[in-house]
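Bear in mind that the values in this text are calculations on the coordinates, not laboratory data. Small disclaimer: the values here were computed from a predicted structure and weren't measured. Cβ atoms come from the backbone with ideal geometry, glycine included; neighbour counts cover every protein chain shown.
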Amino acid sequence: METNLVVEGVKFMFLGMGAVFLFLALMIVTMNLMSYIIHKFFPEPQPSVKSTVAPQEDNKKIVAAITAAIAHHRQG
Amino acid sequence: MTTHLEETYKAQPFMDMIEGFLHSTGIDALMNPRANEMNAHGEPISDFHKSWGRVIMILITFLLFYLAIARGFEPLLLLPIGFGGLLANIPLAGIGGDTGFLGIIYHMGLSNQLFPILIFMGVGAMTDFGPLLSNPKTALLGGAAQFGIFGTLVGAVVLSEYTPFFDFTLQQASAISIIGGADGPTSIFIATNLAPELLGAIAVASYSYMAMVPIIQPPIMKALTTDAERRIKMTTLRHVSRLEKLVFPILVLVLAILILPDATPLIGAFMFGNFLKETGVVDRLSDTMQNALINIVTIFLGLAVGSKLAADQFLVPDTLAILLLGIIAFSVGTAAGVIMAKIMNLFPGHKVNPLIGSAGVSAVPMAARVSNKVGMEYDRTNMLLMHAMGPNVAGVIGSAVAAGILMSIFK
């Protein structure tokens with residue numbers, strides 16, 4: 001009994017791609033679930049917010065400098 | 001001692017000694033092939049493969065040296081492979097045979113698939129899953145690119161069935177098509193399992209094409225995308241917490257255990273390396289895996305693969321078919337990744353720049369760099385590198401899963 005290799009190959013293709021996508025889809029779902037749980041129940045300690053508020057004047061200068069640099073970069 | 005020597009050693013006329021010496025030179029062995037010389041498997045070799053075949057193979061290894069040194073094509077692997085090939089083609093010395101040192105290295109870790117697993121550990125310790133964790137859906141691109149493997153598998157069996165030139169078995173066709181996964185260790189792992197006789201050609205094709213990613217991929221990426229698509233800017237990646245990175249390797253391994261245990265040798269080693277790195281408490285071990293261990297294994301792996309470049313195994317028509325199918329596999333994988341990104345853009349949500357789809361073929365991090373470079377050609381401010389690392393590492397997982405499927409079919 002001669003087996004048709006091409007038919008076998010096509011079967012492999014559907015099985016293989018199906019399994020790869022199934023695996024990755026499950027991975028994506030569980031990854032999202034994991035991230036959700038971790039962010040909800042085990043959040044990373046946030047760096048204290050107050051310290052960044054004080055030197056606001058400096059921040060503005062820095063932002064202006066960065067904006068200028070980006071504009072310059074885009075032109076060139 | 002001296003009496004023993006006198007018993008076994010007979011005085012010879014000086015002319016006979018000179019004649020014997022001339023008969024044992026490499027020139028003589030190449031010009032007049034020895035009738036009783038066997039290959040590494042103890043089978044007879046044709047005269048061509050003992051004479052000109054060896055000369056041709058030695059010249060081919062010189063070409064590999066040139067590509068590695070002057071053109072920078074994966075020198076870390078092509079140099080050991082090339083030199084192994086050079087040594088394996090020396091007449092009379094039998095370095096690639098069972099008792100030669102290349103043969104010993106081959107049996108030490110390649111015929112039992114140990115080396116590719118150890119390489120996977122090191123690669124795992126070098127991998128950062130952060131970009132994937134911050135944009136999980138890009139993992140689908142790494143899945144689509146595996147179509148390069150299975151599409152080529154069908155191509156290879158069609159060639160064997162309907163053309164008189166090739167006659168690959170399903171095992172051989174599977175081993176060849178895994179080149180499309182663009183993952184050297186996975187290719188070697190599968191080839192030693194399913195078609196050890198094709199190992200040399202498959203490994204050389206796999207690593208050469210990985211080195212040629214910057215040449216092969218951009219034309220395909222540009223042909224399949226519009227100018228507007230290439231300029232798509234992706235949203236900034238969110239911060240990924242340490243705990244997420246720590247849980248992820250375990251999560252993937254558990255999935256592999258539940259769904260595809262045949263893929264766990266590769267995925268298990270990969271995630272072991274990654275887990276040690278992410279714990280941050282065993283920097284010594286993770287550092288060894290990333291540097292010392294992977295370097296040592298790379299030397300052994302390269303030499304052992306090189307021993308399969310012996311003329312009688314490499315200079316056969318199948319090699320040409322493998323090189324051809326390999327590049328098809330690579331191109332199809334690249335195209336499938338890009339097309340998948342375009343399909344994802346049909347759905348609502350953040351748009352994906354299709355240029356990162358090509359990074360779904362593994363080839364870490366070269367394929368991601370290519371995505372970044374092509375993106376910058378159209379918009380200098382568009383940094384795609386980190387976005388492309390997501391599909392890139394997903395591609396490694398995807399090809400390990402594909403390898404697991406092939407292993408489970410033929411078990």
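About its Cα centre, what dipole magnitude does segment B:110-229 give when the only charges are +1 on Lys and Arg Cβ and -1 on Asp and Glu Cβ, stated in debye to the nearest 20?
On the way: 2 positive and 7 negative charges, 31 e Å.
Around 140 debye, computed over segment B:110-229.
Neighbour counts of other C-beta atoms within 10 Å: give me B:Glu377, B:Glu43, B:Glu229 arranged from fewest to most. Working shown, then result.
Numbers: B:Glu377 13, B:Glu43 8, B:Glu229 18.
Final ranking by Cβ density, sparse to dense: B:Glu43, B:Glu377, B:Glu229.
Counting Lys and Arg as +1 and Asp and Glu as -1, each charge on the Cβ, what is the dipole of segment B:215-372 about the Cα centre in debye, to the nearest 20? Walk me through the intermediate numbers first.
Working: 13 positive and 9 negative charges, 141 e Å.
Dipole size: approximately 680 debye.
Put +1 on the Cβ of every Lys and Arg and -1 on every Asp and Glu Cβ in segment B:14-105; which of B:Leu86, B:Leu76, B:Ser46 then has its Cα farthest towards the positive end of the dipole?
B:Leu76
In nm², what is the average projected area of the convex hull enclosing the Cα atoms of segment B:132-192?
On the way: hull surface 18.8 nm².
Projected over every direction and averaged, the Cα hull of segment B:132-192 covers 4.7 nm².
Note the angle between two axes, namely the Cα long axis of helix B:52-69 and the longest principal axis of the Cα atoms of chain B, as a number of degrees from 0 to 90, rounded to the nearest 10.
Rounded to the nearest ten degrees, it is 40.
In chain B, with Lys and Arg counted as +1 and Asp and Glu as -1 at Cβ, which of these residues, B:Ser408, B:Leu198, B:Phe129, has the Cα nearest the positive end of the dipole, that is, farthest along it?
The residue sitting most towards the positive pole is B:Phe129.
Would you mind counting up the charge near B:Leu92? Only other residues with Cβ under 12 Å from its Cβ, with Lys and Arg at +1 and Asp and Glu at -1. Write out the running numbers ahead of the final one.
Working: positive: B:Arg34, B:Lys50, B:Arg54; negative: B:Asp28, B:Glu37.
Residues close to B:Leu92 contribute a combined charge of +1.
Could you tell me which of B:Gly375, B:Ile56, B:Gly333 has its Cα farthest along the dipole of the protein assembly as shown towards the positive end, charges placed at Cβ (Lys, Arg +1; Asp, Glu -1), taken about the Cα centre?
Farthest along the dipole direction, towards plus: B:Gly375.
Counting partner chain Cβ atoms within 10 Å of every residue's Cβ in B:228-241, what's the average? Working shown, then result.
Working: counts 0, 0, 0, 0, 0, 0, 0, 0, 0, 0, 2, 1, 3, 6.
For peptide B:228-241, the averaged partner shielding equals 1.
At B:Lys373 and B:Leu346, where each label point lies 7 Å from the Cα along Cα→Cβ, what is the point-to-point distance in nanometres?
A separation of 3.2 nm, rounded to one decimal place.
Among B:Lys233, A:Lys60, which comes first, then next, by fewest other beta-carbon atoms within 10 Å? Intermediate results must be reported in sequence, preceding the final value.
Working: B:Lys233 14, A:Lys60 10.
So the residues, fewest neighbours to most, are A:Lys60, B:Lys233.
Please list the equivalent ellipsoid semi-axes of the protein assembly as shown, computed as the square roots of five times the alpha-carbon gyration tensor eigenvalues, in descending order and whole angstrom.
48, 26, 23
State, to one decimal in nm², a quarter of the convex hull surface area for the C-alpha atoms of segment B:14-105, i.e. the direction-averaged projected area.
Numbers: hull surface 28.6 nm².
It is 7.1 nm².
Two-decimal Rg/Rh of chain B from alpha-carbon positions, Kirkwood Rh?
1.06
Where in segment B:275-317 is the amide nitrogen less than 17 Å from a point lying 7 Å along the Cα-to-Cβ axis of B:Phe101?
Only B:296-308 pass the distance filter.
Sorted from fewest to most neighbouring beta carbons within 10 Å, what does the list B:Ser331, B:Ser286, B:Ser399, B:Ser111 look like?
Details: B:Ser331 20, B:Ser286 23, B:Ser399 33, B:Ser111 15.
So the ranking, lowest neighbour count to highest, is B:Ser111, B:Ser331, B:Ser286, B:Ser399.
Taking 7 Å along the Cα-to-C-beta vector as the label spot, tell me the B:Tyr162-B:Leu285 distance in nanometres, rounded to one decimal.
The two pseudo-label positions are separated by 5.3 nm.
Under a cut-off of 23 Å between alpha-carbon atoms, report the lysines in cross-link reach of B:Lys277, not counting same-chain residues fewer than 8 places apart.
Of all the lysines, those that pass the test against B:Lys277 - Cα under 23 Å, at least 8 places apart if same chain - are B:Lys245.
What nm distance separates the two modelled labels at B:Ile56 and B:Ala93, each placed 7 Å from Cα along Cα→Cβ?
Here the answer is 2.2 nm between the modelled labels.
In debye, nearest 20, what is the charge dipole magnitude of the protein assembly as shown about its Cα centre with +1 on Lys and Arg Cβ and -1 on Asp and Glu Cβ, if you could check?
Working: 28 positive and 31 negative charges, 517 e Å.
Roughly 2480 debye for the protein assembly as shown.
Provide the descending list of Cα extents for segment B:57-173 along its principal axes, expressed in whole angstroms.
Here the Cα extents, ordered largest to smallest, are 56, 44, 33 Å.
Of the candidates B:Pro75, B:Pro44, B:Pro91, which one comes out as most mobile in a Gaussian network treatment of chain B with C-alpha springs shorter than 10 Å?
B:Pro44
Against the longest principal axis of chain B, how steep is helix B:14-23, in degrees 0 to 90 to the nearest 10, with axes from Cα atoms?
30 degrees
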